[in-house]
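Contents: one structure, followed by commentary.
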Amino acid sequence: MGTHAALEEVYERLLANPGVVFLLGAIDAGKTTFGVELAKRATAAGIETAIVDSDIGQSVVGPPTTIGLKYSGFGDFSPAALRQSDSLSFVGSVAPRGHMLPLVTGTAKLTQRAKDSGARMIIVDTTGFVSGLSGQGLKYYKMDVLAPDFVVGFERGGELEPVLGVAQRFTPAEVIEIEVGPDVVVRSVDERITFREEQFATYFAEGASRWRVKPTVFMPTLPPEFDLALLDALVVGMEDGKGTCVGIGVLEYDGREDILRMVSPVTAGVRGLRLGSIRIDTSGRSRGPVDLKQLFQTE
Ligand SMILES: Nc1ncnc2c1ncn2[C@@H]1O[C@H](COP(=O)(O)OP(=O)(O)OP(=O)(O)O)[C@@H](O)[C@H]1O
Ligand SMILES: [Mg+2]
């Protein structure tokens, strides 16, 4: 399946044919390292480049719960520069399961935005969710809507065969397979959680303001007589009303006044708030997932 290729050959092949490059692999496969290195090399070669980071859990562009777009700009792809996204799309969860639709539509939206802005090399990073019906389905629908020129698969031991087979048979992409090298470091669950908390905390450390929000600004719309206390600590996506997410915030319920406040480093340009599906505090610590259907007592 595909061509087994050495890393250097893959970089050369891609740099000679800039386009949409879709990175595919299980967790800790080297996707992000490869993507950032490709972005550096493409920028150095004078190619307008963008990274679309659709990994919502181990996000490097923008905060967790979002898909982030970063243009090559001055070619600074340090972790700090990458965190400062040029555009965001809100998903509201740190894991894909149950959130396929905003993941697919958001990735498509930001990839299109990168194209419209003149990026020729667009590198799409993804979560490590590649197996089972849902994992395969997610990758298929993403590839179907993005129509990537290249799919680069990072394979350890056959785990990618099903999804790469799908890429091969159902998309026009050229599929390239890279064997994951022994140097690629596996991170523990705790390290992943710590990384995510730090990404959240860094985001909120940039001077968070706090202001009152009306219960009418949400998507989905709150049912009548809704108990606002249920929204305490929920992550929300801040939307500008023109289709762009300008940042994320955390809701706080004030029981004395029965009102909601929002904490966020973003202070302007917000018209509506999208409800996420996790609770956190602004130090980034998770307070667990939320099932909106349960909160709303509806399907
Ligand atoms: N070619 C390489 N040589 C040496 N180390 C590497 C190489 N590629 C990746 N690594 C290291 O392996 C680890 C995992 O790599 P990376 O984060 O790129 O994987 P990933 O597939 O994006 O993982 P995730 O599932 O967390 O998104 C990192 O610590 C990275 O520095
Ligand atoms: Mg990654």
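The values are calculated or read from the model by the stated rules, or taken from the named source; none is laboratory data. Note that this is a predicted model, so its numbers are computed, not measured. Cβ atoms come from the backbone with ideal geometry, glycine included; neighbour counts cover every protein chain shown. When the accessible area is computed, the model is the full protein with side chains, heavy atoms only, and any ligands, DNA or RNA have been set aside. Shrake-Rupley method; radii C 1.70, N 1.55, O 1.52, S 1.80 Å.
So here's what we get for this one:
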read-out: Magnitude of the charge dipole, the chain, Cβ model with Lys/Arg +1 and Asp/Glu -1, debye to 20; value: 700
read-out: Between the range 190-213 and the range 3-35, the Cα center-to-center distance that results, in Å; value: 30
read-out: Highest average packing first - 51-60, 204-213, 152-161, Cβ atoms within 10 Å; value: 51-60, 152-161, 204-213
read-out: Value at 222 nm in deg cm²/dmol, rounded to 500, when DSSP H runs of n ≥ 4 in the chain each add -39,500 (n - 2.57); value: -9500 deg cm²/dmol
read-out: Radius of gyration, Dmax [the range 168-234; alpha carbons; angstrom]; value: 21.6, 56
read-out: Proximal charge balance of V250 [Cβ under 12 Å; K/R count +1, D/E count -1]; value: +2
read-out: Residue (of G62, G92, L15) at the positive-pole extreme of the range 1-95, dipole from beta-carbon charges; value: G92
read-out: Of K40/K109; K115/K139; K142/K214; K115/K293, pairs whose Cα-Cα distance is over 26 Å; value: K142/K214; K115/K293
read-out: Test item: Cα-centred dipole of the range 3-179, Lys/Arg +1 and Asp/Glu -1 on Cβ, debye; value: 540
read-out: Cα convex hull volume per residue for the range 17-88 (Å³); value: 84
read-out: Burial ranking of peptide ranges 84-92, 262-270 (average Cβ count within 10 Å, highest at the top); value: 84-92, 262-270
read-out: Per residue, in Å², the accessible surface of the chain once ligands and nucleic acids are set aside, probe 1.4 Å; value: 46
read-out: Under 5 Å, built H, 5+ apart or other chain: amide partners of G272; value: E239, G241
read-out: Accessible surface of the range 232-292 [probe 1.4 Å, protein heavy atoms]: carbon and sulfur percent; value: 42
read-out: Amide H contacts of V20 (H built 1.01 Å from N, under 5 Å, at least 5 apart or other chain); value: I122, D149, F150
read-out: Amide H contacts under 5 Å for E48, placed H, 5+ residues apart; value: R120, M121
read-out: Binned Cα-Cα distances of the chain, short to long, each 5 Å bin given as a whole percent; value: 1, 5, 12, 16, 18, 16, 12, 8, 6, 3, 1, 0, 0
read-out: ³J(HN,Hα), Karplus 6.51/-1.76/1.60, whole Hz, each residue of the range 59-66, x for Gly, Pro; value: 5, 9, 9, x, x, x, 6, 10
read-out: Stokes-Einstein D (µm²/s) once Rh is taken as the Kirkwood radius of the range 108-147 over alpha-carbon pairs, at 10 °C in 1.306 mPa s; value: 142
read-out: Relative packing of 218-228, 233-243, which averages over residues the other C-beta atoms within 10 Å, highest first; value: 233-243, 218-228
